[in-house]
Amino acid sequence: MTDSTGSDDSPHSELVGWIQGMPIVQHLGINVEHVEAGHARLAMPYRRELSHADDGTFQGSAVGALANFAAGAASAALLPDGGRVMTVDFTVKLVAPARGSMLVADARTLRPGRTLMTGVVEVHAVEGGDRLLCAWALVGLRVIPPA
């Protein structure tokens, strides 16, 4: 595995910089922890603004956004530099309360294609050393070739 967290010598540093530079990613506090071709791990620390009840539980829309960005990162990492993906569809299944100090989304590309890609994501709520699967997502992505 090649760790790609935006350092200048990582093969996906341009992609990581693009993701981390998005205003919505910054607003949500999402961090790209790892990217390699077809795989990505993103994390989002808990903040009150991401909850619905101020009880340490992430609201579902925040969970879905994290999953969507993780799938996009995994799929975009399969493209040449400057290649991007754009979400065309995503389904999120919330299977347990997303309660914890952080969410971690692990994504992989199931079907890479020239026009469309499909990614699958597992989202875990993390508290201390415990990880609980709280959601999974299936994401359809359109390929935007480099300019």
Practice problem: For the chain, with a Gaussian network of springs between Cα atoms less than 10 Å apart, report the residue from D106, D130, D89 with the top mean-square fluctuation. | Solution: D130
Quiz item: Which value, to two decimals, describes the C-alpha radius of gyration of the stretch 13-144 once divided by 2.2 N^0.38 Å?
Solution: 0.99
Practice problem: With label points built 7 Å along Cα→Cβ from the Cα atoms of Q59 and H27, find their separation and express it in nm. | Solution: 1.1
Quiz item: L94 to A147: FRET efficiency via 1/(1 + (r/R0)^6), r the Cβ-Cβ distance, R0 30 Å, to the nearest 0.05?
Solution: 0.20
Practice problem: Divide by every residue of the chain the summed helix terms, -39500 (n - 2.57) for each DSSP H run of at least 4, and state the resulting mean residue ellipticity at 222 nm, rounded to the nearest 500 deg cm²/dmol. | Solution: -6500 deg cm²/dmol
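Bear in mind that the values in this text are calculations on the coordinates, not laboratory data. Being a predicted model, the structure only gives us computed values, none of them experimental. Every residue, glycine among them, receives a Cβ derived from its backbone with ideal geometry; neighbour counts consider all protein chains shown.
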